[in-house]
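The values are calculated or read from the model by the stated rules, or taken from the named source; none is laboratory data. Just so it is clear, the model here is predicted, and its values are computed rather than measured. Note: ideal-geometry Cβ built from the backbone for every residue, glycine included; neighbour counts use all protein chains shown. Ligands, DNA and RNA are excluded from the accessible area calculation, which covers all protein heavy atoms including side chains. Shrake-Rupley method; radii C 1.70, N 1.55, O 1.52, S 1.80 Å.
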Amino acid sequence: MRIAYLECFSGMSGDMFLGALIDAGVPPRVLEETVAALGVGARLEVWRVVRSGISAIKVDVWVDGEKDMPREDYWARQEQDVGPTPSTAQTQHEHGHHHEHQHDHQHSSGSGISRAGAPAPHEHSHSHGRRLSEIREIIGKAAISKTAKQTAITIFEVLGTAEAKVHDTSIDKVHFHEVGAVDAMVDIVCAAVGAEALGVDEIVCSPLNVGGGMVKCAHGTFPVPAPATLELLKGAPLYSSGVQAELVTPTGAAIVKILVRRFGAFPEMKIEKSGYGAGTREFPGHPNVVRLTIGEAASVLASKTASETVTVLEANLDDLNPQVFGYVMDRLLEEGALDVFGAPVQMKKNRPGMLLTVLCRQEDTSKLTELIFAETTTLGVRRREEVRQTLARRWENVRTQWGEVRIKIASMNGTVTNYAPEYEDCRRIAAEHHVPLKTVMQEASRQYLEKH
């Protein structure tokens, strides 16, 4: 099985991913033709640059004669031109990409690889976002593969779902002021097409370096990662190296959420090629690039299931209030446990008890062990490492008459083996609309089958 390993040691953004795709072998013309097929008046500019001694490809999206810029540059210019007024911030365009497009012309450190044609006039203003319905329509009309269309639309849908949750609204009412501009559309659709052109069976991703500090958004100043980005990265392994900048953008997070099958350390593989995609910023002593390595999986087993090492924590409990046991299970899951379950056991002195078992990532072992000691009556926690095989999993949204429901999809060798509506989504909808839970789950399953 041919796989790709995405290393996000300096975060992840749309333009960085496109650069890595090109450097790893995707012809620039494939992405340039994709941009032309969208018909939104954009063009690509592809350069080879150097970031902390690493040669990498930089991709810029030009619209109406200029390219976008990082958040802080955009807001600095806004404040210089019109002053820091909240009303202006709400109506002006802000793409929200720290890495992705800076409005400058500094190419002294690189040589031109290719430039698509000059931008054509278009009816949509670059300074405003788009509704999801309009984005779906534009992508649907583009002359790209059906699979790439669906992937790109799904990426936008997860972005919309994250924005809707953060702003407490419905996905239909979300105005993509942060992610719906032309350059973001180009990034997302080119990512879908480029990943397909890469010809790999799955993409594996490293933990993501999210950066740190504060970042200005259209709704105020927030800690890194920004709210929508954090929502998108639920379930993904994250860390910060201490760089005080936004390293993972909303678009980058959404691309990872949909294209990446699993997270882990560098997999066993026979390497064919690798590529580097550059971000806009340069950090002293820290290469601002993302690396994509392509190769053949080393084992036959890898072609069927993914392998990962997990930690198993266990504790026997015979004097704990059953109400507390349920609370502890919930707390462990909230703190990042992969799974938690209990089994009745017969303990010494013939006392009935419960065996608490926790599956977790190795990096969460200490934190969850401390929680068990703090919340239960146990005097000891057993620990062991085990290898588990897992099917590739991804999320997809479907629309029911009562609202959006996420579908968890499991696959093996690219073939869907299982799918199931997300319980929490269905439970919430059932409670809000006074509909039987089983009816909501059946409708969500039906919508998924009709969609495919």
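Can you tell me how many residues within segment 31-44 are within 15 Å of residue 17 (Cα to Cα) and surrounded by fewer than 18 Cβ atoms within 10 Å (Cβ to Cβ)?
Here the count works out to 0.
Can residue 273 be described as among the charged types (D, E, K, R), open to solvent by 30 Å² or more (accessible area, probe 1.4 Å), out of contact with any His (no Cβ under 6 Å at 6 or more places or on another chain) and within 29 Å of residue 210 (Cα to Cα)? Can you show your working first?
Working: among the charged types (D, E, K, R): yes; open to solvent by 30 Å² or more (accessible area, probe 1.4 Å): yes; out of contact with any His (no Cβ under 6 Å at 6 or more places or on another chain): yes; within 29 Å of residue 210 (Cα to Cα): yes.
Yes: the conditions hold for residue 273.
Exactly one condition in (1) modelled with pLDDT of 90 or more; (2) open to solvent by 50 Å² or more (accessible area, probe 1.4 Å) is not met by residue 154; state its number.
The one condition residue 154 does not meet is (2).
Of (1) touching a strand residue (DSSP E or B) at 6+ places or on another chain (Cβ under 9 Å); (2) part of a helix (DSSP H, G or I); (3) open to solvent by 80 Å² or more (accessible area, probe 1.4 Å), residue 426 satisfies all except one. Which?
Here residue 426 meets the rest and fails (3).
Is it the case that segment 247-265 has a residue that's touching a Gly at 6+ places or on another chain (Cβ under 8 Å) and farther than 23 Å from residue 152 by Cα?
no
Which residue pairs have Cβ atoms under 9 Å apart, sit 6 or more places apart or on different chains, and have a first residue in segment 425-452 that is in contact (Cβ under 8 Å) with a residue 40 or more places away in the chain and a second that is aliphatic (A, V, I, L, M) and in a helix (DSSP H, G or I)?
Pairs found: 440/429; 440/430; 444/429.
I need the full set of residues from segment 194-223 which are under 15 Å from the mean Cα position of the chain (by Cα) and among the aliphatic types (A, V, I, L, M), in order please.
195, 203, 204, 208, 210
Please go through segment 315-334 and give me each residue that is open to solvent by less than 70 Å² (accessible area, probe 1.4 Å) and either part of a helix (DSSP H, G or I) or among the small types (Gly, Ala, Ser) (or both), ordered by number. Walk me through it before giving the result.
Filtering segment 315-334 for residues open to solvent by less than 70 Å² (accessible area, probe 1.4 Å) gives 315-318, 320, 324-326, 328-329, 331-332.
315, 324, 325, 326, 328, 329, 331, 332, listed by residue number.
Scan segment 429-452 residue by residue and report those that are over 22 Å from residue 163 (Cβ atoms) and open to solvent by less than 90 Å² (accessible area, probe 1.4 Å). So that I can check it myself, show each step before the final result.
At the first step, the residues of segment 429-452 found to be over 22 Å from residue 163 (Cβ atoms) are 430-431, 433-443, 445-446, 448-450, 452.
Matches in segment 429-452: 430, 431, 433, 435, 436, 437, 439, 440, 441, 443, 445, 448.
Out of 398, 416, 405, 358, I need the residue that is more than 24 Å from residue 260 (Cβ to Cβ) and either open to solvent by 80 Å² or more (accessible area, probe 1.4 Å) or of a type outside the set (S, T, N, Q) (or both). Which one? Can you show your working first?
Numbers: 398 fails: more than 24 Å from residue 260 (Cβ to Cβ); 416 fails: more than 24 Å from residue 260 (Cβ to Cβ); 405 fails: more than 24 Å from residue 260 (Cβ to Cβ).
Just a single option satisfies the conditions, and that option is 358.
Is it true that residue 350 is surrounded by fewer than 16 Cβ atoms within 10 Å (Cβ to Cβ), on the phi > 0 side of the Ramachandran plot and in contact (Cβ under 8 Å) with a residue 12 or more places away in the chain?
Considered against the rule, which asks whether it is surrounded by fewer than 16 Cβ atoms within 10 Å (Cβ to Cβ), on the phi > 0 side of the Ramachandran plot and in contact (Cβ under 8 Å) with a residue 12 or more places away in the chain, residue 350 comes out as no.
Could you tell me whether residue 389 is open to solvent by 70 Å² or more (accessible area, probe 1.4 Å), more than 20 Å from the chain's Cα centre (by Cα) and farther than 24 Å from residue 253 by Cα? Step through it out loud before you land on a result.
Details: open to solvent by 70 Å² or more (accessible area, probe 1.4 Å): yes; more than 20 Å from the chain's Cα centre (by Cα): yes; farther than 24 Å from residue 253 by Cα: yes.
So residue 389 passes the test.
When segment 1-29 is examined, which residues are found to be of a type outside the set (Phe, Trp, Tyr), open to solvent by 10 Å² or more (accessible area, probe 1.4 Å) and under 30 Å from residue 265 (Cα atoms)?
Scanning segment 1-29 gives 1, 2, 7, 22, 23, 25, 27, 28.
Please go through segment 8-58 and pick out each residue that is part of a helix (DSSP H, G or I), touching a residue at least 60 places away in the same chain (Cβ under 8 Å) and of a type in the set (Asp, Glu). It would help to see each step written out before you state the result.
As a first pass, look at segment 8-58 and keep what is part of a helix (DSSP H, G or I): 14-23, 28-38.
When the remaining residues are screened for being touching a residue at least 60 places away in the same chain (Cβ under 8 Å), the result is 14-23, 28-32, 34-38.
Those that are part of a helix (DSSP H, G or I), touching a residue at least 60 places away in the same chain (Cβ under 8 Å) and of a type in the set (Asp, Glu): 15, 23, 32.
Select the strands (runs of 3 or more DSSP E) contained entirely in segment 335-407, then report the ones holding at least 1 residues which are more than 30 Å from residue 232 (Cα to Cα) and either out of contact with any Phe, Trp or Tyr (no Cβ under 8 Å at 6 or more places or on another chain) or aromatic (Phe, Trp, Tyr) (or both).
On the way: elements: 339-347, 351-360, 382-390, 392-400.
It comes to 339-347, 351-360, 382-390.
Using the structure shown, decide if residue 448 is under 23 Å from residue 201 (Cα atoms), at pLDDT 90 or above and part of a helix (DSSP H, G or I).
Answer is yes for this residue.
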